[in-house]
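S.K.: Quick one: the structure is below, questions incoming.
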Amino acid sequence: MRSQIKLGSVFGIKIGLHYSWFLIALLIVFSLSSQFHSSNSNWGDGVILTMAIATALLFFVSLLLHELAHSLVATANKLPVKEITLFALGGVSQIEKNPTSAKIEFWMAFVGPLTSAVIGGICLTLAHLIGNPSSSPGTAMLLWLGYINLTLAGFNLLPGYPLDGGRVLRALIWWKTGNADRSTQSAARVGQLVALAFIAIGIFQFFRGAGVGGLWIAFIGWFLLQAARESYMQVGVSHALEGVRVSDVMTRDCPTVDGFTNVQNFVEHQLLRTGQRCFFVMNKGEIAGLVTPHEVKEIDRAKWPYMTMYDIMRPVEDLRAVTPDAPLQSALESMSRYDLNQLPVISNGHLEGLLTRAHVLGYLQTHAELGR
Ligand SMILES: [Zn+2]
């Protein structure tokens, strides 16, 4: 989940919105307007619309506070947070490293629902102090925010990993067994059960006439099921990659091409003939850049005879590289973070080889086939 709209940063943590957030903001504004219309028809359209928008914005702030709570506990424990993204189903904090102990994991997860519960409690208390809910728009707003934040706290405490409650469960299993990987897999299994229950309840509600509400529950279940499955598999992958270095998996014989070769000749004699997907462009024995079918496709076919590899390559300065002794796990992480299919392996300014996603997949496949 990457944010598409940047909102700035709080405590050095970037805040962003995913487009799907607008969907939920609109839904909240519409459903609140119709709710206020039926319960307090004397308020007038302007008041109702303003209130609905203000409530949606305050809901956004309370979601943000929930995520900030997670992130601040993370940074306090030296786990860097890349950014917070708000989307249709709530928020995610992108925490770059895994917690180093069960205790950190527990507090990092628990503090989110705790924050929502506290916000919910404050809103409800204020609403009751101010007075009769039907008389004032402010009270109606506080009541709605109070109940929604308490619901949010309750929902997030469900033991469905990777929901907060699932992380709390994982921390507890980790603390009991001392095994971080196994605890993730157990929590992910419980997460799958919770997700299946959501789907079943959603479908049941739908056929009992709950309509869209039922489908919404089933959809959340489906989303949770994917997330739980992914976490389960990630543990398996990171386990298989443990102790493996880039040099163990990379290929050493990378095809090279002279920088002055024209693109037409390159395509006909090297790219199509060899079926290789990645070529190093050489300049006097030094690597100058990298060319893949992607760079070739960007160029109009008619221009191929008039351009050289230097014109179309990605220069070496722009390439992200890894060293041969880097852990494969971290190389894989930077591949997925920057959406790359290959990484040149460079040591002391010398090209040592090439690591591609296909290599890593081949490695995992071999291990999976032999069951180790
Ligand atoms: Zn949370």
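The values are calculated or read from the model by the stated rules, or taken from the named source; none is laboratory data. What you are looking at is a predicted structure, and each value in this text was computed from that prediction instead of being measured. As a convention, Cβ positions derive from the backbone with ideal geometry for all residues, glycine included, and neighbour counts pool all protein chains shown. To get the accessible areas, we keep the full protein, side chains included, count just its heavy atoms, and leave off ligands, DNA and RNA. Shrake-Rupley method; radii C 1.70, N 1.55, O 1.52, S 1.80 Å.
S.K.: Yes or no: Val81 of a type outside the set (S, T, N, Q), touching a Ser or Thr at 6+ places or on another chain (Cβ under 8 Å) and buried (at least 19 other Cβ atoms within 10 Å of the Cβ)?
M.R.: Taking the combined requirement at face value, the residue satisfies it.
S.K.: Another question about this same structure. Residue check: is Tyr363 surrounded by 14 or more Cβ atoms within 10 Å (Cβ to Cβ) and hydroxyl-bearing (Ser, Thr, Tyr)?
M.R.: Working: surrounded by 14 or more Cβ atoms within 10 Å (Cβ to Cβ): yes; hydroxyl-bearing (Ser, Thr, Tyr): yes.
For Tyr363, the condition - surrounded by 14 or more Cβ atoms within 10 Å (Cβ to Cβ) and hydroxyl-bearing (Ser, Thr, Tyr) - is met.
S.K.: For the range 160-180, enumerate the residues that are surrounded by fewer than 23 Cβ atoms within 10 Å (Cβ to Cβ), under 20 Å from Ala227 (Cβ atoms) and over 20 Å from the mean Cα position of the chain (by Cα).
M.R.: Leu172, Ile173, Ala180, listed by residue number.
S.K.: Can you find, within the range 60-78, the residue that is surrounded by the most Cβ atoms within 10 Å (Cβ to Cβ) among those that are closer than 17 Å to Val118 by Cβ and among the hydroxyl-bearing types (Ser, Thr, Tyr)?
M.R.: Within the range 60-78, the first condition is being closer than 17 Å to Val118 by Cβ, and the residues that meet it are 61-73.
Subset that is among the hydroxyl-bearing types (Ser, Thr, Tyr): 62, 71.
On the way: Ser62: 18, Ser71: 28.
The qualifying residue surrounded by the most Cβ atoms within 10 Å (Cβ to Cβ) is Ser71.
S.K.: Right, another one. Looking only at the range 150-184, which residues are assigned to a helix (DSSP H, G or I), among the aromatic types (Phe, Trp, Tyr) and under 16 Å from Gly90 (Cβ atoms)? It would help to see each step written out before you state the result.
M.R.: Within the range 150-184, the first condition is being assigned to a helix (DSSP H, G or I), and the residues that meet it are 150-156, 164-177, 180-184.
Filter once more, so that each one left must be among the aromatic types (Phe, Trp, Tyr): 155, 174-175.
Phe155 - this is the single residue of the range 150-184 that is assigned to a helix (DSSP H, G or I), among the aromatic types (Phe, Trp, Tyr) and under 16 Å from Gly90 (Cβ atoms).
S.K.: Here's something else I'd like to know. Inspect the range 37-59 for any residue being within 14 Å of the ligand (Cβ to nearest atom), in a helix (DSSP H, G or I) and either at negative phi or open to solvent by 30 Å² or more (accessible area, probe 1.4 Å) (or both) and give the result as yes or no. Please lay out each step first, then the result.
M.R.: Taking the range 37-59 first, the residues within 14 Å of the ligand (Cβ to nearest atom) are none.
Taking every residue of the range 37-59 in turn, none turns out to be within 14 Å of the ligand (Cβ to nearest atom), in a helix (DSSP H, G or I) and either at negative phi or open to solvent by 30 Å² or more (accessible area, probe 1.4 Å) (or both).
S.K.: Anything in the range 260-275 that is surrounded by 17 or more Cβ atoms within 10 Å (Cβ to Cβ) and in a loop (DSSP other than H, G, I, E, B)? List them, or say none.
M.R.: Thr261 - this is the single residue of the range 260-275 that is surrounded by 17 or more Cβ atoms within 10 Å (Cβ to Cβ) and in a loop (DSSP other than H, G, I, E, B).
S.K.: Which pairs turn up if I take residues in the range 38-66 that are more than 18 Å from Leu23 (Cβ to Cβ) and among the hydrophobic types (A, V, I, L, M, F, W, C) and look for partners that are within 16 Å of the ligand (Cβ to nearest atom) and modelled with pLDDT of 80 or more with beta carbon separation below 7 Å, at least 6 apart in sequence or on another chain?
M.R.: Close Cβ pairs satisfying both conditions: Leu65/Thr115; Leu65/Ile119.
S.K.: Output yes when any residue across the range 78-88 is more than 10 Å from the ligand (Cβ to nearest atom), modelled with pLDDT under 90 and more than 25 Å from Gln4 (Cβ to Cβ), and no when none is.
M.R.: From the range 78-88, those more than 10 Å from the ligand (Cβ to nearest atom) are 78-88; that's our starting set.
So of that shortlist, the ones also modelled with pLDDT under 90 come out as 78-88.
Then keep just the ones that are more than 25 Å from Gln4 (Cβ to Cβ); that gives 78.
Yes, the range 78-88 has at least one match.
This table checks each residue for (1) over 30 Å from Phe36 (Cα atoms); (2) in contact (Cβ under 8 Å) with a residue 60 or more places away in the chain.
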residue: Asn77; (1), (2): yes, no
residue: Val81; (1), (2): yes, yes
residue: Ile95; (1), (2): yes, no
residue: Ala109; (1), (2): yes, yes
residue: Leu124; (1), (2): no, no
residue: Ala140; (1), (2): no, yes
residue: Tyr147; (1), (2): no, no
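S.K.: Hey, does the range 62-75 have a residue that's of a type outside the set (D, E, K, R) and part of a strand (DSSP E or B)? Step through it out loud before you land on a result.
M.R.: As a first pass, look at the range 62-75 and keep what is of a type outside the set (D, E, K, R): 62-66, 68-75.
Next, only the ones that are part of a strand (DSSP E or B) stay: none.
No, every residue in the range 62-75 fails to be of a type outside the set (D, E, K, R) and part of a strand (DSSP E or B).
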